[in-house]
1. List pairs: first residue in region 240-259 and under 13 Å from residue 145 (Cα atoms) and in contact (Cβ under 8 Å) with a residue 24 or more places away in the chain, second residue crowded, with 19+ Cβ neighbours inside 10 Å and among the aromatic types (Phe, Trp, Tyr) anywhere in the structure, Cβ distance under 7 angstrom, at least six positions apart or on different chains.
2. Name the residue, out of 115, 129, 123, 108, that is more than 16 Å from the ligand (Cβ to nearest atom), under 23 Å from residue 224 (Cα atoms) and at pLDDT below 95.
3. Applying the selection to region 184-199, what residues are assigned to a loop (DSSP other than H, G, I, E, B) and either within 16 Å of the ligand (Cβ to nearest atom) or at pLDDT 95 or above (or both)?
4. Which residues, counting only those in region 62-101, are away from the ligand (no atom under 16 Å from the Cβ), touching a His at 6+ places or on another chain (Cβ under 9 Å) and not basic (Lys, Arg)?
5. Return the pairs, sorted by first residue and then second, in which the second residue is acidic (Asp, Glu) and surrounded by 16 or more Cβ atoms within 10 Å (Cβ to Cβ), the first residue lies in region 161-190 and is over 10 Å from residue 203 (Cβ atoms) and in contact (Cβ under 8 Å) with a residue 40 or more places away in the chain, the beta carbons are less than 9 Å apart, and the residues are 6+ apart or on different chains.
6. Can you name the residue in region 152-182 that is of a type in the set (Gly, Ala, Ser) and over 25 Å from residue 248 (Cα atoms) and, of all such residues, is surrounded by the fewest Cβ atoms within 10 Å (Cβ to Cβ)?
Amino acid sequence: MAALTADYDREILKILGSRIDSLVNDDAAAAHEPDKEVADDGDDDIRALDILSLTVASSQREGRPLRLVETFSTIKSLIFAGHDTTATLMSWVCYLLGTHLSIEEKVLKEIDSVLGSRTEPTLADLSALTHLGDVIKEALRLFPAAGSARIGPKGAKLCGYDVENVIVYVAPFVIHRVPSLWGADADVFRPERWSDDQINPDHFVPFSRGRADCLGQKFALLEGKTILATVYRQFVFRPVKEIRAKRALTLIPGEDCEMRVMKRS
Ligand code: HEM
């Protein structure tokens, strides 16, 4: 398998960027045509619409129709905020499963039994893939793709320090590995903790918390399950070497994430 290098990643992002430019431009222009009514008469119709039409429809419903340039930038933010983060998460899950074979075996058993003869999961399958869900959360705990930052408001203090106008970084990578929050095995990949232990939601912050938390967090978990169930139905991955995390725009594998892809028998 070709190694997924940083250069390769950059090349993909460049291609993706220009594809998005042309696709979103054409479709956004079409969705904004003056005589085009976007169906939005109830939940059933909404379910059938794509994200672009939903964005235009909801702004029409709220009485402040988006200008073309606003629709364009909303769609681009969704794609860019969701692409690298989810791709990084997928790399870490494949790496962790490839280095923890008993956990991988449990995941494969679950996927096979839930999907039966299907090669791709249905929406109902996704809720039944509970162990896979725990694996994704555990990978997000050990290798949270993103962090967040806030500027301290007027008079703000944090642990006795004056942080007014100071940029405060929130580092989930650190919070997620504190033994007093997660136990003595905080550094261990143990998906069972999500079903066995009482997890305090304030200790798990890969999507941040509060008013400006990640808009796509539920979508990211569904998307992750869909990708992993589809891929692991047919293939498994074996890392070629040990990989450590490196902080870039997201928390990426520090070296080329070389994996052997093996077709399942
Ligand atoms: C594993 C996947 C993902 C992770 C770890 C992640 C993490 C985050 C984090 C930490 C923030 C910053 C929140 C803050 O500053 O408090 C954020 C913001 C955001 N995310 Fe995600 N994200 C993921 C996937 C997605 C997906 C799939 C989408 C869209 C479909 C998305 C859309 C957004 C948007 C629009 C924001 C900005 C929210 C705002 O400023 O109000 N994210 N994400």
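The values are calculated or read from the model by the stated rules, or taken from the named source; none is laboratory data. Keep in mind that what you see is a predicted model, and the values were worked out from it rather than measured. Heads up, the Cβs are rebuilt from the backbone with ideal geometry, glycines too, and the neighbour counts pull from every protein chain shown.
1. 245/143; 251/143; 253/95
2. Exactly one of 115, 129, 123, 108 is more than 16 Å from the ligand (Cβ to nearest atom), under 23 Å from residue 224 (Cα atoms) and at pLDDT below 95, namely 123.
3. Of everything in region 184-199, those that are assigned to a loop (DSSP other than H, G, I, E, B) and either within 16 Å of the ligand (Cβ to nearest atom) or at pLDDT 95 or above (or both) turn out to be 184, 185, 186, 187, 188, 189, 190, 191, 192.
4. Residues satisfying the conditions are 65, 68.
5. Qualifying pairs under 9 Å: 189/138; 190/138.
6. 160
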